[in-house]
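Read-outs: derived from the displayed coordinates by stated rules, not from any lab. Note that the coordinates shown come from a computational prediction; the quantities given were computed from them, not determined experimentally. Counting neighbours? That spans all protein chains shown, and the Cβs are built from the backbone with ideal geometry, glycine included.
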There are 2 protein chains.
Amino acid sequence: MTISVQNRSADVTDFETEFGTQLELSQHAQDLLFRQARTANTFTDEPVTDEQVKAIYDLAKWAPTSMNNQPLRVVLVRSEAARDRLVQTMSDGNKKKTAAAPLVAILAADHSFHENFHKTFPHFPGARDMFAANDAIRAQSADLNATLQVAYFILAVRAAGLAAGPMTGYDASALNGAFFADGTRKVLAVVNIGKPGHDAWAERLPRLDFDEVVTTV
Amino acid sequence: MTISVQNRSADVTDFETEFGTQLELSQHAQDLLFRQARTANTFTDEPVTDEQVKAIYDLAKWAPTSMNNQPLRVVLVRSEAARDRLVQTMSDGNKKKTAAAPLVAILAADHSFHENFHKTFPHFPGARDMFAANDAIRAQSADLNATLQVAYFILAVRAAGLAAGPMTGYDASALNGAFFADGTRKVLAVVNIGKPGHDAWAERLPRLDFDEVVTTV
């Protein structure tokens, strides 16, 4: 059922006989972003610089959101005090790796994204007021679109040659209280970022087959 | 405020002087997936084959989800009757392009993803029952992770050399009633897929600056 570590590379990049050759994206890029990339649980000590994060954001920002609303907000946890506060809100299984990663980013949805529509959607001046008038729809759109952007961000981390370790195991209420006291931002994921370290991942887990996921009507 | 169509290519692929050269991902792949790719509103008549969709899924499936839960489900709307039913649930601004696209896919979250844990997370036999016991946490995890997979799917469509037109403007209750009567799947997005047609997109809209999105603590 699981794929052995020894055979993993061959299995997931069986490029010539599988579907990879039908894509316009190069084999190297397929491997870097999808096939060979893995969720890292350990990292080397090599730091992740602000310049690297700028390059990651400069790529991820172009991918689409509804009405270009771009609700993702990123908090880089660089101080020791902030890291300690964050680790306290993580679930037990995530504390150790969150404490040790070269860089940890909190990815959140900004529920006040509509205040940027004058810049992000300038041809529709009514957009701000439309979303200001409906908290439930605004929250739903913030969460949906910021979550899309979490995925773009994870792939952009990989595009920078780094490994991402996205985590959803934390006390969201405690984390939001510790970092987003104003209430407009809500955590969606916490991501460890760095170069993969010793024994960085377990065996790759199976994916669902096409026929288990895709149906035709 | 907006970027002129004439200058768009130069602006968004200012590769040599901007951040693109700092990434391991090639310029071609950056352009194909992020910088040059656009949300298409019109398409050519060229069909999208099942083989192309299989290649898209075979790439997207590798990107990460929480506990490997993979809640994304895809419905390819190929029959005329199903297309008509779908168009009726779309908002007025989306009806015409949904009716005309070579292929339309409904992307949904499967709230019964935990029934697959015996295959997708076999080393933790208690996973199924843990999620079976808490509908709210299961729904939250389904929506979050399937939304991540919507983003992976959009980028995989682009990796196949096709354009995606993701839409969130529809009557979700009507759409779920028409396509997901059993109640376990919930729509997250509808995506038009094909080769971009005449006048396929408007001017590219501005993205938020790094300092508007990223803070350090």
Binned at 10 Å from zero, the C-alpha pair distances of region B:84-155 give percents of 17, 33, 29, 16, 5
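Counting only other chains, and only Cβ atoms inside 10 Å, what mean value do you get across the residues of A:30-41? List each step's numbers first, then the result.
Details: counts 6, 1, 5, 11, 11, 5, 1, 3, 2, 4, 0, 0.
The mean count of partner-chain Cβ atoms within 10 Å per residue comes to 4.
When you look at the Cβ of every residue in A:71-81, what mean number of other chain Cβ atoms sits within 10 Å? Numbers along the way, then the final one.
Numbers: counts 2, 3, 5, 5, 4, 4, 2, 2, 2, 0, 1.
So the per-residue partner count for this stretch is 3.
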Between A:THR44 and A:ASP171, what is the label-point separation in nm under the 7 Å Cα-to-beta-carbon projection? 3.6
Long-range amide H partners of B:ALA189 with built H, under 5 Å: B:LEU107
Cα convex hull volume per residue for chain B, in Å³, equals 175
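When A:HIS123, B:HIS111 are ordered from fewest to most other Cβ atoms inside 10 Å of their Cβ, what list results? Walk me through the numbers on the way to the answer.
Values: A:HIS123 10, B:HIS111 21.
Final ranking by Cβ density, sparse to dense: A:HIS123, B:HIS111.
Please say if the protein assembly as shown is rounded, prolate or oblate, where rounded means a/c under 1.5 for a ≥ b ≥ c the square roots of the C-alpha gyration tensor eigenvalues, and otherwise the choice is prolate for a/b larger than b/c and oblate otherwise?
Values: a/c = 1.25, a/b = 1.14, b/c = 1.10.
Note, shape of the protein assembly as shown comes out rounded.
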Run the helix sum for the protein assembly as shown: -39,500 (n - 2.57) per DSSP H stretch of 4+ residues, divided by residue count, reported at 222 nm to the nearest 500 deg cm²/dmol. -11500 deg cm²/dmol
May I ask you to report, in nm to one decimal and beginning with the shortest, the distances from B:ALA81 to the same position in the other copies, taking label points 7 Å along Cα-to-Cβ? 6.6
Determine, from the Cβ-Cβ distance of A:ASP182 and B:GLU115 and an R0 of 56 Å, the FRET efficiency 1/(1 + (r/R0)^6), rounded to the nearest 0.05. 0.90
Highest GNM mean-square fluctuation among B:THR120, B:THR65, B:THR21, for chain B with Cα springs under 10 Å, belongs to B:THR21
When you look at the Cβ of every residue in B:138-147, what mean number of other chain Cβ atoms sits within 10 Å? 3
Copies of A:GLN22 compared via label points 7 Å along Cα→Cβ give distances in nm, shortest first, of 3.8
